[in-house]
1. Specify which of the listed residues (C:Ala349, C:Ala323, C:Ala297) is under 18 Å from A:Leu272 (Cα atoms), modelled with pLDDT of 90 or more and open to solvent by 10 Å² or more (accessible area, probe 1.4 Å).
2. Go through region B:170-215 and count every residue that is within 11 Å of ligand 1 (Cβ to nearest atom), within 30 Å of B:Gln98 (Cβ to Cβ) and among the small types (Gly, Ala, Ser).
3. Among the residues of region B:90-100, are any open to solvent by less than 20 Å² (accessible area, probe 1.4 Å) and either under 23 Å from the mean Cα position of the chain (by Cα) or among the hydrophobic types (A, V, I, L, M, F, W, C) (or both)?
4. Just wondering, is there one or more residues in region B:322-330 that are near ligand 1 (Cβ under 7 Å from one of its atoms) and part of a helix (DSSP H, G or I)?
5. Can you tell me which residues in region B:306-321 are within 12 Å of ligand 1 (Cβ to nearest atom) and not in a loop (DSSP other than H, G, I, E, B)?
6. Sort out which residues of region B:245-276 are closer than 15 Å to B:Leu287 by Cα and in contact with a helix residue (DSSP H, G or I) (Cβ under 9 Å, 6 or more places away or on another chain), and write them in order of number.
7. Given the conditions (1) at pLDDT 95 or above; (2) at the interface with chain C (Cβ under 7 Å from one of its Cβ atoms), report the number of the one that A:Ile151 does not fulfil.
Amino acid sequence: MFHALVAIKQVPDTTNIRIDPDTGNLVREGVPAIMNPYDAHALAAAVELKRKLNGKVTVISMGPSSFNATLREAIELGADRGILLSDRKFAGADTLATSYVLAQAIKAIHEEEPVHMLFFGKQAIDGDTAQVGPGVAVRLDLPIVTYVSSIREVDLERQKAVFDRRTERWSEIIETSLPVLLTCEKEIAPVPFAPLPDLIRSLRYEPEFWSKSDGPATFDDAYVGSKGSPTIVYKMGTPPLPEAGEKINSREVGVDAAVKSALQQVEAAGVLAEILGGAV
Amino acid sequence: MNNYDNSGKITFDAIVIGAGLAGSAAAMIMAREGLNVALIERGNKPGAKNYFGGAIYTHAIEEVLPGFMDLKPPFERPVTEAGFWFLSKDGMMRASVQGGKLEKEPYDAYVTLRAAFDPWWAEQAQAAGAFLIPKTTVIDFIRDDDGHGQVIGVVTDRPQGEIYAPVVIICEGVNNLLTQKLELIGRDLEPAHTALAFKQVISLSPQLVNSRFGLPDNSHGLAVSVVGDVSLGLPGMGFVYTNKGSVSVGLGVMLDVLAEYRLKPYEILERYLKHPAIAPLVEGGQLLEYGAHLIPEGGWRDMPDVYTGGVMVAGDAASMVNALHWEGTNMAMIAGKLAAETAIEAHSRGDFSAKTLSRYEDRLRERFILQDLRQYRNFSKFLEQHPEFMEVYPAFLNDALGGFFSAYGKPKRQLFQEILGALTDRRGIFKAAGDIVSMGRAVMGW
Amino acid sequence: MVPGMNIESNETNVRRFWVFIEQEGGEVHPVSWELLGVARALVAQVQSEAEENGEEVVVEGVLLGDDVEHIAKLAFQYGADRVYLVDDPVFKNYRNCPYYKSIAQVAEKYQPEVFLIGATTLGRDLAGAVATALHTGLTADCTGLEMGEVKGSRRRLLLATRPAFGGNILATIICRKYRPQMSSVRPRVFPMPECNPDAAGEIIRESPAVQEENALACILDFIREKGADVDIEYADVIVAGGRGLGNPDGFALVQELAEELGGVVGASRPCVDLGWIDAAHQVGQTGKTVRPKLYIAAGISGALQHKVGMQNSDFIIAINNDANAPIFDVADVGIVGDLFEVIPAMLTAIRGRKEALANE
Ligand SMILES: Cc1cc2nc3c(=O)[nH]c(=O)nc-3n(C[C@H](O)[C@H](O)[C@H](O)COP(=O)(O)OP(=O)(O)OC[C@H]3O[C@@H](n4cnc5c(N)ncnc54)[C@H](O)[C@@H]3O)c2cc1C
Ligand SMILES: Cc1cc2nc3c(=O)[nH]c(=O)nc-3n(C[C@H](O)[C@H](O)[C@H](O)COP(=O)(O)OP(=O)(O)OC[C@H]3O[C@@H](n4cnc5c(N)ncnc54)[C@H](O)[C@@H]3O)c2cc1C
Ligand SMILES: Nc1ncnc2c1ncn2[C@@H]1O[C@H](COP(=O)(O)O)[C@@H](O)[C@H]1O
């Protein structure tokens, strides 16, 4: 049976900080926690495939128990099984330690029920690092295709699949063997509005809970959490304030005069001649 | 618990639409009696989109959920000072009550924020056994095709989104789309009877809240209505509530007025916040949230039929708000409870006809809800016809009392004449007397 | 025993600062040169420390490709002392597995201290894999790099600074115990170093770790995409429009000014979200970082997330009708006014100036 695995992270909804259209003020009222948007699209793609190939989708997430809400949402969107990897010792993980925990869990899941495809988001919007997917692929020694914008073909018999991969300059059509790990763009599949029966099932669903010692996966203390994280936050600060230049009010001096004065300054900085010199 | 009947339909014993104050109360009462209740909420979670001032009244909470204080409700502060502030152009007169009954536990009211209160309130319904279905909007009803058109379920916006139940309680709040759909009321909200309330929550340290509002400590709080120079002299009313580490400041203005004068809500609010008497109270605070919400102020005049076969309506959806006192939460909760009790009764009889559910209206009548709404029925009409109440009198009171409390070295007799003069300048003396009479009528139901 | 280059066992006398030289189809991504410039600056910061300890410090490039030796020579001109070249048909097109495995193999052999990779599409695909294979720390999207003294460390460490929490905070990250200390850096965050055409260096050839049959993936075809030609990152002039344009038509005016100046059009995120313009034009945290000679921001308020993408421009003109708009804080000159009046006036002035120049 086709088996897809999706790694999902819960993130604060940084992109959806609302700006009040009337006042231009930030509406900060409880910035909610959401499923990382790229992961939602990855999940949607996995669910589309499982429906087509008549298979199963398992989702995993590493984080505190509040991440259960996101796993339930994954069930709502069509996943069959949700596993939360949670342990006090897992806390404080950087991307390297995160990829270790996910990889160990995936190994255990794979042993129970072989996995054909692993779906990750392109990146998590809280850190934008895009490192965990490649990290897990390396640990499991799997082929990886990043920035997947569509799945062309999955052939379980030949154990091959074909994808569109988007880079800055072009799209590649790329073929790999299975199992394969993907990191997904939003285009890969639209996130569906779940049918009511799926929602009701998800509301009653209790995700499985795997900790360091509880569950079929094994974890080595040295690799998890802050202990297994080579990077250390050394200090935090606020960005320095730049020095502001002159402000010319066109309502006071007139538009033409303001423009003239501004261009004179560009010229004085030696920039305009360079640009116009090239243009003339 | 299985919600599927033999034919695979999703079925419950009762459906409540809207996990607001009325809805969760209704769900709680029914679930406690063992009914299998679906509580449907369109927001991501209860309270996500809800706003109010506001103060919430303990008598109503206690009635629905006895011993609720043990369940750690997310209150900000008890209301230990309440009253009116009258703003003139540049001054303010305060008429508030503090101490006495307000100081005694159990407190009559608490200030709270809906984003915290509603989830807690819905949790109590869930704890009683109600099944909360979030992120789902009810868009229509399923009617029996036996000729009576009795409501037997709802249609939601989701695929395969029908849910069946013999009784549905509509607690959809102020946007009465569903009551209209059932033709319980024949029209949209009337702009002239509906206020748009908008507010800001401004953060201040608890110490600053205490010192600026004259509160001895964090277990004291203030809830006042502000009238006069709040809304450019137009019919409207402001409010100030102290939270633990923030202040809620806002005002409501009737929709028709906003439209007629092409006013932008935030401009009025900005102006109000810059008022010389208000600005120092919030100075240096950070804007935490900005929100707007409608209030149905038509009260009695705008009530829909509150029941029909298989359906009851409670809370704002039934226009159960006392505009003068900013009271809506208590009516919503009690009405939710009364509707729930009627539903339980209907279940025990196995009869959900309009006739059985008409007991709901009887229950409302027996309680303060219909009585209060009747009593205040003319109040908002009064405000419409007497804009001077919002403008002239607060200014007058300010001048008058300002004079009264300063010595000026004048004989008191002259002072009183001046005060009277100040009023009659603004409004003819007979008119003034008439105003007072009609105001009294509006409030007291003379 | 934890794998990876634990520093206790791995400190050598040569301190190697590595830069990944990114190329596709023989075309080098300029970020590679920017990073050689950064590496040079970092090396300068540890020079005296190294001399005291009798150590050598070098900047080295890592180059993979099919028939790309000529690129190694360019790398010397931008500051590399040495280039490790893995030249093999398996690298004809970029693929994750052959690339990361070969790089990891070379890194294990030579044990670099610092390793910088451009945070391009390719670089991001690669960096996480390399770091995991080497079991070391990787800091993504750095905006500041410095070698600094850290208590308890014998040598200066790489202090990698990156924005966090939507750009509201800068976090400085270190990697104390493992080597190399890896960072990815977005294009255009650092300036392009001088090119020295006389510079030369040593090429060290290495063999690939993977043959074609183990490459795990095979590229069947390439499709060029619409919008793929917009390259705002390396434009000299950018005229950027924001929500203040009011509607998609506003971009016509911005376009006209950009053309007049021989530049390209940039945009703030809401314009992209609203579908006014293609995402390839977006400047900012979730768009591109740019540093043109001239950046004109019209109808852009100057949110932090926009500013981080353009504040390194040589000269910034801001046009906004709100005198308090934060964009003015980063502008070299600000015009408070309606962009629909200011831009046409600017067009006239520039056309006049050009004519004058032509008549000279
Ligand atoms: C600014 C302001 C200040 C106020 N101050 C006070 C005060 O100090 N004290 C006081 O007692 N009252 C106050 N009120 C009034 C009080 O807030 C309301 O009367 C009360 O909230 C009504 O409760 P309700 O349950 O009827 O409606 P709501 O609390 O509005 O709940 C309705 C719920 O239904 C949901 N819903 C709506 N339609 C659907 C649908 N189709 N499907 C599913 N879900 C749906 C909504 O999301 C919402 O959660 C104030 C109101 C405002 C706006
Ligand atoms: C995680 C995250 C990432 C983000 N990434 C990015 C990013 O990469 N890039 C980005 O740009 N934003 C990004 N944003 C969004 C950013 O926070 C701002 O919302 C956005 O930059 C605002 O765009 P704007 O300036 O065009 O619009 P607004 O803030 O609406 O500003 C419009 C401006 O136009 C002015 N204006 C209006 N009419 C005129 C006129 N006729 N003449 C002159 N001026 C006029 C107004 O005064 C106003 O200042 C991100 C946000 C988050 C939370
Ligand atoms: N804690 C986590 N639990 C599950 N999946 C994760 C976690 N962190 C990251 N991921 C996955 O890795 C992807 C890239 O994350 P990042 O490297 O943090 O940008 C995400 O889109 C997720 O699919």
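The values are calculated or read from the model by the stated rules, or taken from the named source; none is laboratory data. These numbers come from a predicted model, not from an experiment. So basically every Cβ, Gly included, is an ideal-geometry build from the backbone, and we count neighbours across all protein chains shown. Surface accessibility is based on the protein's heavy atoms, side chains included, excluding ligands, DNA and RNA. Shrake-Rupley method; radii C 1.70, N 1.55, O 1.52, S 1.80 Å.
1. C:Ala349
2. Looking only at that region, the number is 2.
3. Scanning region B:90-100 turns up no residue that is open to solvent by less than 20 Å² (accessible area, probe 1.4 Å) and either under 23 Å from the mean Cα position of the chain (by Cα) or among the hydrophobic types (A, V, I, L, M, F, W, C) (or both).
4. So far as region B:322-330 goes, yes, one or more of its residues are near ligand 1 (Cβ under 7 Å from one of its atoms) and part of a helix (DSSP H, G or I).
5. B:Val313, B:Gly315, B:Asp316, B:Ala317, B:Ala318
6. B:Gly245, B:Ser246, B:Val247, B:Val249, B:Gly250, B:Leu273 - these are the residues of region B:245-276 that are closer than 15 Å to B:Leu287 by Cα and in contact with a helix residue (DSSP H, G or I) (Cβ under 9 Å, 6 or more places away or on another chain).
7. For A:Ile151, the failing item is (2).
One line per residue, one yes/no per condition, for (1) more than 8 Å from chain C (Cβ to nearest Cβ); (2) of a type in the set (Gly, Ala, Ser); (3) more than 26 Å from A:Ile83 (Cβ to Cβ); (4) open to solvent by 30 Å² or more (accessible area, probe 1.4 Å):
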site: A:Phe193; (1), (2), (3), (4): yes, no, no, yes
site: A:Leu196; (1), (2), (3), (4): yes, no, no, no
site: A:Glu206; (1), (2), (3), (4): yes, no, no, yes
site: A:Thr218; (1), (2), (3), (4): yes, no, no, yes
site: A:Ser226; (1), (2), (3), (4): yes, yes, no, yes
site: A:Ser250; (1), (2), (3), (4): no, yes, yes, no
site: A:Gly254; (1), (2), (3), (4): yes, yes, yes, no
site: A:Leu263; (1), (2), (3), (4): no, no, yes, no
